[in-house]
Amino acid sequence: MTHRPTLDADDYETRRLKALADYQILDTQRDDAFDEIVEAVSLICDTPIAVVNFIDRDRQWFKSEKGLGVQETPRDISICAHAILQPGVFVVPDTTQDARFANNPLVTGEPHLRFYAGALLKSKDGYPLGTLCALDYEPRELTQRQHFALQALANQVMAHMELMRSHRIQEALIRELQTTRQELEELSSIDSLTGSLNRRAFEERFQQEVAMIQRGAPSGALMLIDLDNFKNINDTYGHQSGDHVMVRFIELCRRVFRQYDVICRWGGDEFMVMLPRTSPSEATHVASRLHQQLAVTPMLINSANSLYCTVSIGICAITNTSTMDTCLSMTDALLYQVKKEGRNSTAVEIEGAS
């Protein structure tokens, strides 16, 4: 037997209402499962009225009802508000002969209720939430079988509510897992230092771009960028300053390149940028803007001076036959050419060259 916790009346009611709220049942739509239970109560108890109701702070609300035609009534005239204070099945054979209900508006006026039998609906931790009840316009008694059936059906109401709550919890967990998985996928595709795509994610995006070109989209351009003399920056200013330079460089790239261009930290001090729907010659104009912005934007500022960086760039086309290996080989060779000629410049694949 479940005993009420030793709380004062206000604390107990607060906890009871919280237990009711946890089921998220109030003001929900009709449910066939509850309607079928109400029909069964009406048939088994041979009463014109049957109700699944829950006692809220100031009202009793009917999840399902037969024979009443209303959705809720004030709590202060609710017979069920008395029933939740009683264990098991609460029976009033004749309301007009019971001092608690003889003057109740539902007894003295419409619908002139004379008989009440309510089986308690209790939460798992023992708080009374409402009742499954049978009502009649005539005084009567429940048989032993009807008494048993009413309690058994009340247990089914609570079992269904527990199942509904379990489904909500499961759905919430699934949503949480999906969100976590999405966050992990994003983290696994992002370079932790710069916030740009990492190599694996960029290669996947490259494959998608080639597939789009094969389906008829215009060709694109691929840009391999190397921060010139980056080792000297680390050696002179320290690795923390070197990290700051790379972060600042990516911030500058986001201002120079278009929103749909794909920026990647390829590794170390090398970066890849994919420019969809862009020819290599058009990409050289973007590279020129990058050189210009680097010339006027310090990558590192300290008390002594400001550090400006330069980059070497190789550009090739992305076509319907491109692979990551062939584009990397081409841009790497172009980058080597720029470095050999003194850095801080751009070399581009001759369009149409194989």
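Going by the conditions given, is LEU121 in a strand (DSSP E or B), open to solvent by less than 20 Å² (accessible area, probe 1.4 Å) and under 18 Å from GLU39 (Cα atoms)? Criteria met by LEU121.
Taking each residue of region 232-252 that is closer than 11 Å to MET299 by Cα and looking for partners that are polar (S, T, N, Q) and exposed (fewer than 15 other Cβ atoms within 10 Å of the Cβ) with beta-carbon atoms closer than 9 Å, six or more apart or interchain, yields SER241/ASN302; LEU252/GLN293. Among the residues of region 78-89, not a single one is without any contact (Cβ under 8 Å) to a residue 24 or more places away in the chain and open to solvent by 70 Å² or more (accessible area, probe 1.4 Å). Only residues that are of a type outside the set (S, T, N, Q) and either surrounded by fewer than 20 Cβ atoms within 10 Å (Cβ to Cβ) or under 24 Å from ASN302 (Cβ atoms) (or both) were counted across region 214-225, and they come to 4. One residue is enough: does region 107-118 have a residue meeting the conditions under 31 Å from the mean Cα position of the chain (by Cα) and open to solvent by less than 30 Å² (accessible area, probe 1.4 Å)? No, because not a single residue in region 107-118 is under 31 Å from the mean Cα position of the chain (by Cα) and open to solvent by less than 30 Å² (accessible area, probe 1.4 Å).
Of all residues in region 35-57, exactly one satisfies the criterion of being charged (D, E, K, R) and over 18 Å from LEU121 (Cα atoms), namely ASP46. Of all positions in region 289-305, at least one carries a residue that is in contact with a Leu (Cβ under 8 Å, 6 or more places away or on another chain) and among the polar types (S, T, N, Q).
The conditions of being touching a residue at least 60 places away in the same chain (Cβ under 8 Å) and either over 43 Å from the mean Cα position of the chain (by Cα) or open to solvent by 20 Å² or more (accessible area, probe 1.4 Å) (or both) are not met by SER306.
Restricting the first member to region 333-354 and to residues that are under 20 Å from THR319 (Cα atoms) and open to solvent by 100 Å² or more (accessible area, probe 1.4 Å), and the second to residues that are outside any loop (DSSP other than H, G, I, E, B) and at pLDDT 90 or above, the beta-carbon pairs closer than 6 Å and six or more apart or on different chains are GLU351/PRO280. The number of residues in region 28-71 being hydrophobic (A, V, I, L, M, F, W, C), out of contact with any helix residue (DSSP H, G or I) (no Cβ under 8 Å at 6 or more places or on another chain) and surrounded by 13 or more Cβ atoms within 10 Å (Cβ to Cβ) comes to 4.
The values are calculated or read from the model by the stated rules, or taken from the named source; none is laboratory data. From a predicted model like this one, the values you see are computed outputs, not experimental measurements. Every residue, glycine as well, gets a Cβ built from its backbone with ideal geometry; the counts of neighbours run over all protein chains shown. Each accessible area value is taken on the protein alone, full model and side chains, heavy atoms only, with ligands, DNA and RNA left out. Shrake-Rupley method; radii C 1.70, N 1.55, O 1.52, S 1.80 Å.
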